[in-house]
1. Where in segment 158-273 are the strands (runs of 3 or more DSSP E), entirely inside, with at least 1 residues that are loosely packed, with under 14 Cβ neighbours inside 10 Å and among the charged types (D, E, K, R)?
2. Name, by its number, the condition in (1) assigned by TED's automatic domain parsing to the domain that holds residue 177; (2) under 30 Å from residue 253 (Cβ atoms) that does not hold for residue 129.
3. Are any residues in segment 44-80 surrounded by 12 or more Cβ atoms within 10 Å (Cβ to Cβ) and closer than 30 Å to residue 212 by Cα, and if so, which ones?
4. Quick test for you: out of 101, 90, 97, pick the one residue that is within 30 Å of residue 234 (Cβ to Cβ) and within 17 Å of the chain's Cα centre (by Cα).
5. Only one residue in 95, 130, 123 is aliphatic (A, V, I, L, M), part of a helix (DSSP H, G or I) and touching a residue at least 12 places away in the same chain (Cβ under 8 Å). Which one?
6. Looking for whichever is touching a strand residue (DSSP E or B) at 6+ places or on another chain (Cβ under 7 Å) and under 23 Å from residue 266 (Cβ atoms) here; the options are 133, 143. Which one fits?
7. From the list 68, 15, 7, 52, which one is of a type in the set (Gly, Ala, Ser), at pLDDT below 90, closer than 18 Å to residue 273 by Cα and out of contact with any Asp or Glu (no Cβ under 6 Å at 6 or more places or on another chain)?
Amino acid sequence: MWLWTRGIALALGMGVGATAILPVAAKEDDLRVRAFVQAYAPLIDSVTAVDGDVVFWLHGGPIHFRDGRMVAEHRLGREDECDPLFYEYPLEPLVEPYPEPGAMPTYCSDFLESLWGSTEREVRNHSRSVRFLDHRLFVNEILLDPLARLERAIRATAVVDDEVTAWMDDLEITYSFDYREIAGSEGRSQHSWGLAVDFVPSSYEGRAAYWRWSRALDREGWHQIPMDERWSPPQRVIELFEAQGFVWGGKWAHFDAIHFEYRPDIILYSRMAEE
């Protein structure tokens, strides 16, 4: 067995863009493990290797890494109930639609429940109200620093980029914490843990913004809508979000162009895979 402690991570100052140092052990070269450790180091008490599994010890107990899935001990042997948490996220702009997507993935929430709780009341205890671009958000406490850095970057960019300024001025509504399931899936939305924000403009300018709306109009061809016929925030805004560990729903096969969610592990994993 090897043991890696939170003290090492904090001493290394791990975060988005940092370099992980893990002990020599089975699965140490798995980029998903490295990305997870770097992204969530302050929340991990220790990491051990037990019976071939990498086990993350969190405040709520052990979480086993099994081929991209993060599952609690009560789910061991039934991890196939979930889809892997890790997926290929393109860091470059999409230039064409995805092929026809399959079913919506179902992600187990064991990892999130271990950190933030399994009930709305428990999650709310880890959430805070914050102003972002002159809108009020209620988000998980882990988002406070990334959102603060992001707002500074967006405002600084808006000074020299008229598209970013126009996007800010056109923001009509923001949605953050919402304890609910993902529409069209059995899994819980990242909104349920205050880890996602929707930025709704005053108008979509007649363009496609959300896959379910488009499917209602064209059940067979919605996924083939060209990129230039889809609504999107400015590319620079997307890049600034990604720099702070957020993925953009507009890059998903089941696209959701107003949606950003905090997944620093996905951003790190994608960067590592390109190296």
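The values are calculated or read from the model by the stated rules, or taken from the named source; none is laboratory data. Given the structure is predicted, the values throughout are model-derived calculations rather than measurements. Here the Cβ is made from the backbone with ideal geometry for all residues, glycine too, and neighbour counts use every protein chain on show.
1. Numbers: elements: 171-175, 196-201, 246-248, 259-262.
Where strands (runs of 3 or more DSSP E) fall fully within segment 158-273 and carry at least 1 residues being loosely packed, with under 14 Cβ neighbours inside 10 Å and among the charged types (D, E, K, R), they are 171-175.
2. Just one mismatch for residue 129, condition (2).
3. Within segment 44-80, 68, 69, 70, 71, 79 qualify.
4. On the way: 101 fails: within 17 Å of the chain's Cα centre (by Cα); 97 fails: within 17 Å of the chain's Cα centre (by Cα).
It is 90.
5. On the way: 95 fails: part of a helix (DSSP H, G or I); 130 fails: part of a helix (DSSP H, G or I).
Criteria check complete, one pass: 123.
6. 143
7. Numbers: 68 fails: at pLDDT below 90; 7 fails: closer than 18 Å to residue 273 by Cα; 52 fails: closer than 18 Å to residue 273 by Cα.
Answer to the check: 15.
Here's the yes/no breakdown for (1) within 23 Å of residue 145 (Cβ to Cβ); (2) acidic (Asp, Glu):
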{"site": "32", "(1), (2)": "no, no"}
{"site": "37", "(1), (2)": "yes, no"}
{"site": "41", "(1), (2)": "yes, no"}
{"site": "55", "(1), (2)": "no, no"}
{"site": "74", "(1), (2)": "no, no"}
{"site": "77", "(1), (2)": "no, no"}
{"site": "80", "(1), (2)": "no, yes"}
